[in-house]
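Read the structure below first, then the notes.
No lab work stands behind these numbers, since they all come straight from the coordinates. No experiment lies behind these values; they were computed from the predicted model shown. We place every Cβ from the backbone using ideal geometry, glycine too, and count neighbours over all the protein chains shown.
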Ligand code: OTU
């Protein structure tokens, strides 16, 4: 003790919190621990003590005035203790292991893959037979699209869950999921699964009980007897699906009430102002964790808290909800990471990785939507000015957290380019967004893309659908039989992936991109999907194309080899660790993106040419950032960068990584 003050450590609790902790231990925890072996008891009590403040404070802030504060807090603690008791020994060992390797998803070897179980393999057991494909690519993280029992179609690709405790019967069973998770663990692949926590299907037992007249179940949702409140909220809400599901409320005649439905009419928003909802969702999530899931993707997390007069996204209370859930996991399943699916403005986004009083207490990972949008924006305009400006003004991911970097996913591309960012580089935001919609729909002169507008509204605003390959020109080039255009399309794909692999964070490959799968032509033929053209970029895996990945000269072989080379180079580059500092810089050439990364004596400098013509960068540019223009080791696409006099020349769409520092 110095100067008479107690040393600060994590176990110091404020007196009121300490009292709540001791009461909880006495009333709820100790009795539930009867019969558990001593070491297990002690370990749980230690974790509980360590994370109690983290759980209690937000719960109190959210629900202190709620009549069910006390019983729901006790129920939540009970659920945490029960989940710990039910956690298999192997997963307890994983909890210990990850305490000393908390950066497992930040490491330079980390590489993700995203797939629909049915479209990739058919079923969960069949997927266990397809792991070689992932292994060959170097995958260490697998995100399987929603796989819990959904309402019958339409169900938004599984994002309308009818039972969180069961796997979709067509895909398999909970036992199959557990077996797959175990296989993946043996193969060194972490499993990520969606938690759809903003809404349930109207077929879920909670909604069904509400329809049956159960007032407690009705209180799980936000419902209104007339339009007064819905109209008041609508004044500041936006529509997520304006063309197919306009409005945020649905009249349910059986209830005689309006139900809050942000997404589709059959996706009922849960009411997190009710502590029973948070407690119930914590139970759902802990049960999934105990099946062997490593990462939970928190779907639509910005929408969890509603406040009149706002967009009802990113409200401060959302961060209390996430912190509380996170604390429950730190106690009962600490190995599990949280990934935020928050497709929101950069400043709002960083908060999901923990900011201010939530620092270190929220998600480990968050999708870097801006990077994805800016990649496609630069590819269309051939210029990196806007991307450089926007990325430079973005806050960094807080220590211990990282971005998920990606080129395409199962959703549309929403052209989230801020007017201020566009204005700062002399562009008009609205015009540029309109250009991108037109360019990727293939209706801009000279466009190579074959995508489609998604949810075009009356004003002509839209997002974009299409696979990476079709958007990057491969579909058009193949249709025209133009070999030179095919080559450019392949280079474009590898350019975008090359930046995603090197920007900093966990890179994801979206199923099919490694083979250049084109848009699904027949997507609208399925009546359950008609009207939602996101299905055009959710093709079925083409295993014949996969077999061609080893036939030299094919598109599949070029893409596959390119991605494998990038993954390999990433693994051998210490500065690719997500914790490395990343800095985007102007290269003096408006077509060439520059960024460098540095960590503990290792550095890598990335140059990426977004133009279809050769581009020059002065050799002093790398030197300005402390990198020698020559002598460093070139790790990717090495034929494509030459030193001519005092200029570096990059071929069309060339990507170069200059590595410096001690050998990894
Ligand atoms: C997510 O996306 C899923 O990725 C979608 O496939 C689902 O349809 C949706 O949730 C509903 O479950 O608005 O346009 O800030 O942007 O949650 C897609 C997050 C979406 C939202 C995001 C949502």
Next on the checklist: Per DSSP helix of 4 or more residues, -39500 (n - 2.57); summed, then divided by the residues of the chain. What does that give at 222 nm, rounded to the nearest 500?
Outcome noted: -11000 deg cm²/dmol
Checklist entry - If each residue's Cβ is checked for other Cβ atoms within 10 Å, how do 318, 425 rank with the fewest at the top? => result 425, 318
Checklist entry - Hey, what did the range 1-142 get for relative contact order, percent, Cα under 8 Å, at least 6 apart? => result 21
Checklist outcome for this item: Percent relative contact order for the range 205-269, counting Cα pairs under 8 Å at least six residues apart, stands at 29
Checklist outcome for this item: With Rg from the Cα atoms and Rh as the Kirkwood inverse mean 1/r over Cα pairs, the range 305-428 has an Rg/Rh of 1.01
Checklist entry - What length, rounded to one decimal in nm, is gained on full extension from residue 357 through to residue 551, with 0.36 nm per residue of separation minus their alpha-carbon distance? => result 64.4 nm
Checklist entry - Under a point spin-label approximation (7 Å from Cα along Cα-to-Cβ), what is the residue 561-residue 136 distance to one decimal in nm? => result 1.4
Next on the checklist: I'd like to know how the chain sits against the 2.2 N^0.38 Å rule of thumb: what's its Cα Rg over that expected value?
Outcome noted: 0.97
Checklist entry - If you stretched the chain out fully between residue 646 and residue 521, how much longer would it get, using 0.36 nm times the residue separation minus the C-alpha to C-alpha distance? => result 40.1 nm
Checklist entry - residue 634 to residue 46: extension gain in nm, 0.36 nm per residue of separation minus the Cα-Cα distance? => result 206.8 nm
Item to check | Nearest-0.05 FRET efficiency for residue 100 and residue 618, computed from C-beta distance (R0 60 Å) | outcome: 0.85
Next on the checklist: Need the C-alpha centroid separation for the range 225-239 versus the range 24-74, integer Å.
Outcome noted: 38
Next on the checklist: As an exercise, use a Förster radius of 25 Å and the Cβ-Cβ distance of residue 70 and residue 308 to find the FRET efficiency, rounded to the nearest 0.05.
Outcome noted: 0.35
Item to check | Rounded FRET efficiency, nearest 0.05, which uses the C-beta distance separating residue 625 from residue 530 and R0 of 56 Å | outcome: 0.65
Checklist outcome for this item: Most packed first (mean Cβ within 10 Å per residue), the peptides 120-129, 607-616, 641-650 order as 607-616, 120-129, 641-650
Checklist outcome for this item: Log10 I(q)/I(0) at q = 0.22 Å⁻¹ for the range 551-657, from Debye over equal alpha-carbon scatterers, is -1.26
Checklist outcome for this item: If each part is reduced to its alpha-carbon centroid, the range 451-512 and the range 331-392 end up apart, in Å, by 20
Item to check | Rel. contact order, % - alpha carbon contacts under 8 angstrom, at least six apart, the range 239-380 | outcome: 16
Checklist outcome for this item: Counted neighbours (other Cβ, 10 Å), sorted fewest up, put 116, 406, 440 in the order 116, 406, 440
Checklist entry - Over all Cα pairs of the range 433-549, how is the pair count split among 10 Å bins, expressed in % and running from 0 up to the last occupied bin? => result 14, 39, 37, 10, 0
Next on the checklist: How far apart, in nanometres, would the label points at residue 236 and residue 251 be if each is projected 7 angstrom from Cα along the Cα-to-Cβ direction?
Outcome noted: 2.7
Checklist outcome for this item: Simple SL model, points at 7 angstrom along Cα→Cβ for residue 483 and residue 17; separation in nm is 6.8
Next on the checklist: Please rank 98, 26, fewest neighbouring Cβ atoms within 10 Å first, as an exposure proxy.
Outcome noted: 26, 98
